[in-house]
1. As an exercise, take the mean of 1/r over every pair of distinct alpha carbons in region 4-82, invert it, and state the Kirkwood radius in angstroms.
2. Given H placed 1.01 Å from N in the peptide plane, which residues other than close sequence neighbours of I63 have an amide H under 5 Å from its amide H?
3. Tell me which of G34, I5, Q67 sits at the most positive position along the dipole axis of region 4-82, charges placed on C-beta atoms (Lys, Arg +1; Asp, Glu -1).
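Each value in this text was obtained by applying a stated rule to the coordinates, not by laboratory testing. Remember, it's a predicted structure, so these values are computed and weren't measured experimentally. Reconstructed Cβ throughout: ideal geometry from the backbone, glycine too, with neighbour counts over all protein chains shown.
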Amino acid sequence: MLADIERMLLRIIANYSAIRHRTLSIAELSTKKGRKREDLLNVLAELAKEGYISWTPADPDRITLLQAWEREDRWIGRQVYGSR
């Protein structure tokens, strides 16, 4: 399950790339979200770790969207059953 900031940033990336056919730079994300660069880099790292985007700190302006929507995980007892 994504945190609010992660979910919001994922939606911004997905919507922008669908409309403009390109992804935003870190500077554009910072302007649109009103967050510091360091905060955005941490959120992007988490989204990449979770498999929603392809991104590396070595080339921070290259963001590739892999999945536009948050996965829905359902808790049943102690096991997680999710749709992928």
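1. It works out to 13.2 Å.
2. none
3. G34
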